[in-house]
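Okay, so here's the structure we're looking at.
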Amino acid sequence: MKLIHDVQEMQQTVLGLKRQGKRIAFVPTMGFLHEGHASLMREGRTRGDVLVLSIFVNPTQFGINEDLASYPRNLEGDCALAESCGVDLVFAPTAAGMYPPGFQTTVTLGPLTKPLCGASRPGHFDGVAVVVTKLFGIVQPDCALFGKKDFQQLAIIRQMTLDLNLPVEIIGMPIVREPDGLAMSSRNSYLSVEQRQQALCLHRAILKVRELFKGGETSVDRLLGEARMIITAVPEASVDYLELRDSTTLEPVATAAADSLFALAVKIGSTRLIDNTVLGDTP
Ligand code: AMP
């Protein structure tokens, strides 16, 4: 496995491989890797001749009061996990390498970026869209894998790839959870032992909404009301959003259906966690 920091070196390396007819599978991440990332890497391994992992804590997708400076980092540990998952190339650029002086291009999408995390984190998805576009230009992947944990991000990347005719197959992967149900996230490392227990309320809310829907409940108010009760009972939890939306358009729904997305963002203390489920999907 080779670790590359330089943007030009990465692009030239991949270009050489592509000239040899190699198929490139790509997993973009912000590092501090866990089993969720590992599931993407293992699937990526089966989908290409060369597996590329990127590790880049992208400053343009963080708001001014967000956790850019404190975001957890562990390049050595990440490389060990990447190697065990069969990664061939790790691309870990610097912020200056990705955004040199004079950088001035933006990538902005329409309605898909407005609700949910787009409403709570203004500019976040512009940052995601520009960095993913750049990474696709540098790594030139045939396919790229993204987790459904970031459901809205996946929808936006699919749309952007379609709209801009980017020659990349986008593969969405299931949410990987801890044995007790907490969705794996690099940000879980911010939680104290007590907060880690409290964070289970997100998954409890998901299970409750799924159970009620399965029992025939389709009222958005009642489903969200039950979810809110679960969250508000938890001392350090505060709701950022709790919503039911169409899983394709991300528009609000009048009544819940099998293709409705239940998505939530909840702060546990100062740590913001997200989770989601599509009501008719297998959990
Ligand atoms: P991040 O490093 O948080 O930017 O995540 C990099 C990629 O891993 C994104 O496509 C995420 O959706 C995906 N990912 C993060 N956590 C999980 C998880 N628990 N299950 C599945 N995919 C995940």
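The values are calculated or read from the model by the stated rules, or taken from the named source; none is laboratory data. No experiment lies behind these values; they were computed from the predicted model shown. Please note: Cβ atoms are built from the backbone with ideal geometry, for glycine as well, and neighbour counts cover all protein chains shown. Keep in mind that these areas ignore ligands, DNA and RNA; they rest on the heavy atoms of the full protein, side chains included. Shrake-Rupley method; radii C 1.70, N 1.55, O 1.52, S 1.80 Å.
Miscellaneous remarks
- Fraction of accessible area attributable to carbon and sulfur, region 100-169 (%, probe 1.4 Å): 57
- Antiparallel bridge percentage (DSSP; both residues within region 146-283; nearest 5): 90
- Over the chain: helical MRE at 222 nm, DSSP H runs n ≥ 4 each giving -39500 (n - 2.57), nearest 500: -11000 deg cm²/dmol
- Dimensionless Rg ratio for the chain, taking C-alpha atoms and the 2.2 N^0.38 Å reference: 1.02
- Rounded to 10°, Cα long-axis angle of helix 151-163 versus longest principal axis of the chain: 50
- Beta bridges assigned by DSSP with both partners in the chain are antiparallel in approximately 50 percent of cases.
- Cα centroid of region 19-61 to Cα centroid of region 190-227, whole Å: 31
- Stokes-Einstein D in µm²/s, Kirkwood radius over Cα pairs - region 166-283 at 37 °C with 0.692 mPa s viscosity: 221
- Compactness of region 131-181, expressed as Rg and Dmax over alpha-carbon positions, Å: 12.4, 41
- Annotation: per residue accessible area for the chain equals 46 Å², rounded to a whole number [probe 1.4 Å, protein chains only].
- 14 Å beta-carbon shell around residue 212, net charge (K/R +1, D/E -1): +2
- Percent of Cα-Cα distances greater than 24 Å, calculated over region 69-218: 49
- To put it simply, the accessible area of region 34-95 at a 1.4 Å probe is 53 percent carbon and sulfur.
- Set against the 2.2 N^0.38 Å expectation for a compact globular protein, region 197-258 has a Cα radius of gyration ratio of 1.13.
- Proximal lysines relative to residue 149, as straight alpha-carbon distance under 17 Å, when same-chain residues fewer than 8 apart are discounted: 267
- Degrees between helix 7-19 axis and first principal axis of the chain (Cα, 0 to 90, nearest 10): 80
- Using θ = phi - 60° in the Karplus curve 6.51 cos²θ - 1.76 cosθ + 1.60, the 3J(HN,Hα) couplings for region 213-225 round to 5, 4, x, x, 6, 10, 6, 4, 4, 5, 5, 6, x Hz; x is entered for Gly and Pro.
- Surface listing: 185, 270 arranged by accessible area from highest to lowest gives 270, 185, probe 1.4 Å.
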